[in-house]
Amino acid sequence: MRASRLLQILLLLQNRGRLTATQLATELEVTPRTILRDVDAMTEAGLPIIVFQGNQGGIELGFNYRTRLTGLDREEAEALGIILGAAQPALTQLGLADAARRATAKLIESFPDKVRDVTQMAIKRFPIHAHQLPEDPRVAAFAAAVRGGRIVRIRASSDAAQVVHPIAVRLSPDGWYIGDALTGDDIPLDQCGDINISAHRFAC
């Protein structure tokens, strides 16, 4: 258990930069005193841990230290492989299928050799082919509007036209929903009709 926590501390410091003992304790659900003891142990093991005192103090990794350790045991690596290898029709709808393939390849390549081997084997052994979703170009259009903070007019050519500020595109078992910052509602895609994406941005 402690070895796993030490690795988590190392990865948290690597990925987030300087953190206080209290922040680390909250993240790992232990006491700040436990974190300080762990830091002492990591320092004794030769890791470049730097502790800053005072109001602006905290704990950080020195010397631009980075590790390729992932902390994944064999079962975790296998589970991750299945997740990464599973077909994700929603990504296709969002226009991110190619990006997802590239990201998956880069992520797997970044793993240590043993973890990478287990992950790749899991992808081959347990392929998951999800049901394809009906094609709807509005999903990718709304996704682009979310990324760009664009105002969208739904049911644009009808008397029930409505302006929305889309902040999320969610997939539920019963279909796609658009999160609207103006009303706080999730609007079913099948109620959006034809849409018009404005060149104007809304303030988040």
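Coordinate-derived values only; no laboratory data. The shown structure was predicted, so the numbers you read here are calculated from the model rather than taken from an experiment. Every residue, glycine among them, receives a Cβ derived from its backbone with ideal geometry; neighbour counts consider all protein chains shown.
Among Phe202, Phe52, Phe142, which comes first, second and so on when ranked by fewest other beta-carbon atoms within 10 Å?
Ranked by crowding around the Cβ, least crowded first: Phe52, Phe202, Phe142.
Residues of the stretch 115-152 with backbone nitrogen within less than 12 Å of a virtual label 7 Å along the Cα-to-Cβ line of Ala100, please, listed as ranges.
Within reach of a label on Ala100: 128-133.
Helix 113-125 versus the longest principal axis of the chain: what angle, 0 to 90°, nearest 10, using Cα atoms?
Tilt of helix 113-125: around 40 degrees.
If we count other beta carbons within 10 Å of each Cβ, what is the order of Arg5, Arg170, fewest first?
Ranking Arg5, Arg170 by Cβ neighbours within 10 Å, fewest first, gives Arg170, Arg5.
If each residue of separation counts as 0.36 nm, what is the full-extension length gain between Ala79 and Asp190 once their alpha-carbon separation is subtracted?
36.5 nm
Which value in nm describes the separation of the simple spin-label points at Ala144 and Glu27, placed 7 Å from the Cα toward the beta carbon?
3.7
Please give the charge dipole size of the stretch 137-201, origin at the Cα centre, charges +1 on K and R Cβ atoms and -1 on D and E Cβ atoms. Round to the nearest 20 debye.
For the stretch 137-201, the charge dipole is close to 360 debye.
Arrange Ser198, Ser172 by Cβ neighbour counts within 10 Å, fewest through most, would you?
Sorted ascending by nearby Cβ count, the order is Ser172, Ser198.
Compute, for the stretch 74-125, the length of the dipole vector about the Cα centre, with Cβ point charges of +1 (Lys, Arg) and -1 (Asp, Glu) only. Units Debye, rounded to 20.
120
Which residues in the stretch 101-141 have a backbone N closer than 12 Å to a point placed 7 Å from the Cα of Ala87 along the Cα-to-Cβ line?
Of the residues in the stretch 101-141, 127-134 have backbone N under 12 Å from the label point off Ala87.
May I ask for the net charge around Leu94, where only other residues with Cβ less than 12 Å from the Cβ of Leu94 are counted and Lys, Arg are +1 while Asp, Glu are -1?
Charge balance near Leu94 sits at +1.
Please sort 127-139, 74-86 by packing, taking for each peptide the average over its residues of neighbouring beta carbons within 10 angstrom, highest first.
Listed from highest to lowest mean packing, they are 74-86, 127-139.
Counting only C-alpha contacts under 8 Å and six or more residues apart, can you give the relative contact order of the stretch 12-65 as a whole percent?
Here the relative contact order equals 41 percent.
How much length, in nm to one decimal, is gained on full extension between Ser4 and Ala181, taken as 0.36 nm per residue of separation minus their Cα-Cα distance?
59.7 nm
Could you calculate the contour length gain from Arg37 to Arg201, that is, 0.36 nm times the residue separation minus the distance between their Cα atoms, to one decimal place in nm?
Using 0.36 nm per residue and subtracting the Cα-Cα distance, I get 54.1 nm.
With axes computed from alpha carbons, what is the tilt in degrees of helix 74-85 against the longest principal axis of the chain, rounded to the nearest 10 within 0 to 90?
With rounding to tens, the tilt is 20 degrees.
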